[in-house]
1. Excluding B:ILE699 itself, what net charge comes from residues whose Cβ is under 10 Å from its Cβ, given Lys and Arg +1 and Asp and Glu -1?
2. Around A:VAL279, with a cut-off of 14 angstrom between Cβ atoms, what is the net charge of the other residues, counting Lys and Arg +1 and Asp and Glu -1?
3. Among all helices in chain A defined by DSSP H, which have a length of 27 Å or more along the axis from Cα atoms plus a Kyte-Doolittle mean of at least -1.0?
4. Fully extended, how many nm does the chain gain between A:ASP671 and A:ASP351 (0.36 nm per residue separation, minus their Cα-Cα distance)?
5. Lysines near B:LYS49 by alpha-carbon distance under 24 Å, same-chain residues fewer than 8 away left out - which ones?
6. Return the long-range amide H neighbours of B:VAL64 (sequence gap of 5 or more, or a different chain), with a cut-off of under 5 Å between placed amide H atoms.
7. Taking θ as phi - 60°, what are the ³J(HN,Hα) couplings along region B:687-702 by the Karplus curve (6.51, -1.76, 1.60), each to the nearest whole Hz, with x for Gly and Pro?
8. Work out the FRET efficiency for A:LYS9 and A:ARG576 from their Cβ-Cβ distance, taking R0 = 35 Å, and round it to the nearest 0.05.
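Each value in this text was obtained by applying a stated rule to the coordinates, not by laboratory testing. Everything numeric here is computed off the predicted structure, so don't read it as measured data. Using ideal geometry, Cβ is built from the backbone for each residue, glycine included, and neighbour counts are taken over all protein chains shown.
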There are 2 protein chains.
Amino acid sequence: MSDFSFVGKPTPLIDGPAKITGNLKYIGDLKLPGMLHARFVLSTYAHAKLGAIDANAALDIPGVQSVLTADDLPSITPSSRAKLMLARERVIFVGQPVAIVLADSAAAAADGADLVMVDYEPLEAVTSMDAALADDATVIWPTGIPTGAEDEAAHGADTGGESESDDEEASNIAGKTRMEKGDVASAFAQADVVAERTFETPMVHQSSIETQGWVVQPNPISGGVTLWGSIQSPFGVRLDVADALGVPESDVTVYGMPVGGAFGAKFGLYEALIALAAVTVGKPVSLILTRGEELLSTNPAPALRISGKLGFDSGGELLAMQADVTADTGVYPSGLGGFAAMQFASFYTCDNLLLESTNVVTNKQSVGAYRAPTSPTAFMAVETLFDEAAQQLGMDPVELRLKNAAKEGDVAPDGGDFPTIGMVETLEAARQHPLWRNREQAREQGRGIGIAIGGWMGGLEPGAAVCKLNRDGVLQLQIGTADLSGTPTSFAVLAAEAYGISPDKVRFVYSDTDSAPYGGGVGGSKTLYTLGAAVLRAAEDARRQTLAIAAEEFEVSSEDLEIVDGRVQVRGFPDRSISLGEIAGKGMTFGGRYAPVHGNGRQAITDRAPSFCAQIAEVEVDEETGDVNLLNLAVVQDVGRAINPLAVEGQMQGGAVQGVGWALLEEMRYDADGQLLSGSWMDYAMPDSVQAAPIQTQIVEVPSRSGPFGARGVGEPPVIPTVAAIANAVADATGLRLSQTPMTAPRVLEALAQR
Amino acid sequence: MSDFSFVGKPTPLIDGPAKITGNLKYIGDLKLPGMLHARFVLSTYAHAKLGAIDANAALDIPGVQSVLTADDLPSITPSSRAKLMLARERVIFVGQPVAIVLADSAAAAADGADLVMVDYEPLEAVTSMDAALADDATVIWPTGIPTGAEDEAAHGADTGGESESDDEEASNIAGKTRMEKGDVASAFAQADVVAERTFETPMVHQSSIETQGWVVQPNPISGGVTLWGSIQSPFGVRLDVADALGVPESDVTVYGMPVGGAFGAKFGLYEALIALAAVTVGKPVSLILTRGEELLSTNPAPALRISGKLGFDSGGELLAMQADVTADTGVYPSGLGGFAAMQFASFYTCDNLLLESTNVVTNKQSVGAYRAPTSPTAFMAVETLFDEAAQQLGMDPVELRLKNAAKEGDVAPDGGDFPTIGMVETLEAARQHPLWRNREQAREQGRGIGIAIGGWMGGLEPGAAVCKLNRDGVLQLQIGTADLSGTPTSFAVLAAEAYGISPDKVRFVYSDTDSAPYGGGVGGSKTLYTLGAAVLRAAEDARRQTLAIAAEEFEVSSEDLEIVDGRVQVRGFPDRSISLGEIAGKGMTFGGRYAPVHGNGRQAITDRAPSFCAQIAEVEVDEETGDVNLLNLAVVQDVGRAINPLAVEGQMQGGAVQGVGWALLEEMRYDADGQLLSGSWMDYAMPDSVQAAPIQTQIVEVPSRSGPFGARGVGEPPVIPTVAAIANAVADATGLRLSQTPMTAPRVLEALAQR
């Protein structure tokens, strides 16, 4: 640690002042000359035949310029939720865009949207997974379910397992997976202890502070567009928009604006539709979703049902794991059910596995990625069952986990061997945490203490980075990803450490897909891990170039030079030195004889860096009201190397807070007709600062092999074990094994009554 | 030649369609939300004490937001014309900005500017070089002339010679240079033939179609700004603006917009002032000069007087060259006089030289660079004198030039040896041109034929370039310079040739100083020569990376691969191939195992590539009216290698047309009070398509050592010899040696009368 000058030191966000003062511009701040404001007309039915659309009253509103329906746009059949177009012939979920009103102001567009009259002929809607699976269920996609559900891959949620081909007759089953290893039936037969239970979590919404939004400027010459958006994947959006417009991706320019929260929801949604609208009218178009639209018409996490089962021998060895997952993915399919099954079984070593999943479609808005997709549910299942088994075995629950935890060399879910991982170290650190060590005192006060761990394999994606030196001695750093979570600050720390200057002398450059080196979507806990390596290489390359210039100036070898306080000096001769700005200037001047300092870094890391987060929850359950009062939450996480502990702790806290929401509060509630009941932040409950409870973070550092200075991804893990830890704490306090979220007071009260 | 796939083939401008259809956005098209329009209040006196400024009436105009005077801005003393601030205490030229009116619309700003009342107390003005040098001249800068006239360097116009220090009393002489070699007096004494004459050219204005313009957005967090402008040097402007604002250059972002003509005038002028105004009011500010402001208040070419003298022996060997240059640089100094003296003597070999220059200041707008600064005058002098000497010697004028022309290995003006140069080849080609070969027939028709040559050392500047491969098989090319002259098209040809795809698969990326690799100002005929080398290297790097990926995929060596029709294929096995788009995709996808193709090229070429242009003019002189009718103009130029002949010929024609303006039409006329008489395009005459005459271009290719595929810079040379060629043609037709431009009808008539 002492080897580092800047890595590991808390570094405030470089754009913090701009954010605090309102000077950082978000997508909602972007106004282009002649820009039209868009507002969707949304379906009010979950399933209906679409009749006439009368826009006359809307067009009478002053400022309304046009009302587009599917007939005005190219006939593109959307292959997935992320590529949705305007409804044609029928609507298939409440909140589906039916028309777009374009107006000179957002207010006129909203007034216009209110006055577009749409004729619907209601059809029977399928609004729950059970209804979808019923023998006499209405088949939502009689001619076949669309298949283009590749979008989860971007978030690191590979489906895993083998898809079974469905040559059967049309149903609402979009796909099934089955993965078997060893002999599960025999193993369960031999088991001394079996724990099994069915768990359910509802659709949960990412609910970023900033809603989704885009501005598109058409280019009448190329047929392409420039798009600005609050998006996670500028290069991914570029490809999707180009496909929809039928132009090469090089004719589309995407500018990823600073993002006010994304969490997986912003990998692409209405970009292609807005781009088509802008090209159709030949003017810039802006669409910033309202909060209501954000809840009605985006891509929340799927509802999941997991029947899980674990078998142990009397010594606590895990003999068999089984999971059967059903996922309600809304009206477009998703492979997330299979991923949930994989997550259930990925991080404990076990020779006998049976993992099955069924993804079903329903007439609801369809789903997307949400921070560690499906993992809060998968780990609620496996970690509750571990707790139950420990109880039955009379073993310490941490001990039972340690006994079966994956270690380096064990088989990983991708079929390879686990590299160096910190599951054991994380559990050991959690065991030492005061909240766990003092659990008996808490119990004496009637409280419950629960523990759980979550694991995440971590995503991978190639990328590149550039570091340029300026005449003010500042190193400009450029990468091609959006800023969701403050990674630019961590990248600045990395570049500073590698180059040899202080992080405040690094300027992070925000740019578009034309100008930026390639960077993948920000998600899957891969950004710092993979692009950080490219940043390191670019900074090292810039340093080499810098020293080479100084070496020629001083007529010494580069090895005899060092960078100290913004100057290159000959080792041992501090009076023989030259400022970095002067060196930069030598490559940036008329007649200069050195090339500009322009460092380049490229990476294609192929080895993963799985990361683990353990959490300890302390709760008090009010047996009168059923209220679960979360008193304390400890978050213990292996981050490999905390490049910027402030950012790392921010991620740990933020993830855990969202985990609390999953556990106690959040639910997309639909009625039988598919109408969203929790369609505003008055109804859709998210934890406030009191409900989230005091969160204590503890960083564990088991360096990864390929990450920058050993860093691992940190974004997803902290949301994973929160539900399980709180459920285990509730069990510790009450003896109740809750299997459904959110664990609201009425639900707890009902369970208490049945106890 | 046959080795090239694309180099040497005429390639239309890649942004031609956008330009023709009005879709390319220039600075005047840029509107930012909340942007204020600026209009200057300009001095109406050439020299006056500045009294009260009353803005009340202006502020009453609806839409006028504020009126800024020097008191509202930081007290910065401008060190040069290019750094002018608002006038303080006195005004020193007509057209000097005294106040800035900021309004919601350009019209309100103009109305406001009309109503700002300024009290002036007139002082004696010095408005000509003779008046400035008079013994009793009013001294314009009693406390010393500012010295920061480094700005010409950017245009390749190094002053050369040694500056003499002026420890004398205050005068209007800003600087003198003297350069002596050998023994000029003895050499002239030995000469059999001496030609000498004094030449004069007035201030001439660059007069681009697009006037100067800028938009500045302040950044209240960093204290810096983002600036968009019609400018030649984004990175140079970044530094100047940062200096004025007192922030590091990294806090200033400059976006070089497409430029509608620059010719040296747009290396920096009011950027810092507009940036200070924007920061002061905290809002975006736009200033687009009107045509009148452009003529009154920018930076034209200096007025020059050159007394030149050449001595030859009877065999035509050049024994001595002497030049004494006086330059009227307007109110701020410039080193251009010394550069003119250097240009006079640079390209003929001669052992005895005496070159002197005096730069004087006058109360006129000050000067800047204009295409091959001072060279039309310097070569008018030397090439007229060569012609006169040939006449006296009874030698063919081409033969006399060939006898003394510089060749590889001769001493160049920078003190080194000339590299491979094409002065002889250019003269030989000109001699073979039909216009010259058939000169006797022309003379029989009463016409005159004149020939002249011009030389240009060529600028140098380090730079870098980036080439990225996209999933559509398009190579994106990024450099950091502005587009003045269509070089992006030539760069696309270079990248295509080096990478192995067709130029229409190259996309040129326009970006800002944050995103772009460093590129110097566009000027000095160095852009293609130097940055082209960086582009080549970047494309070659991208090709290497591309082939490396394919080599791994096919398990062959890179050497066994070739790129054909957008695919990499194994040589001899055309069915084993993969598209470039697929290769790009392998480095741009979740879980990819190859780094993205991101090629980098850096260069710091230190060897110059002098280039030469010979011109042959055919004129008819109307002895009744004095009208010089230019009938034909042949432009013969060594371009090293014509990367894109269309662009090269465009430069040759454009330069020659401007040369015709110098020769026959253009003059910034001032009256004795320093009022500009030719202050509009009604009064300031530029050649139209008829006056410019048919121009025939002939490309000579003597490859340079370091340029891309042997290319040399082509921008400056074609403006250099036009004046001389026309003057020699007039002499051929009439026997008159005109020594003053423009050679207007009244001037010719007067000379004819005195013949």
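1. Neighbour charge sum, excluding B:ILE699 itself: -2.
2. -3
3. Taking the DSSP H segments of chain A (at least 27 Å long, mean hydropathy at least -1.0), we get A:532-554.
4. Between A:ASP671 and A:ASP351, full extension yields an extra 110.9 nm.
5. Candidates past the 8-residue exclusion: B:LYS83, B:LYS364.
6. B:ASP104
7. x, 8, 5, 6, 5, 5, 6, x, 10, 9, 9, 9, 8, 10, 10, 10
8. 0.70
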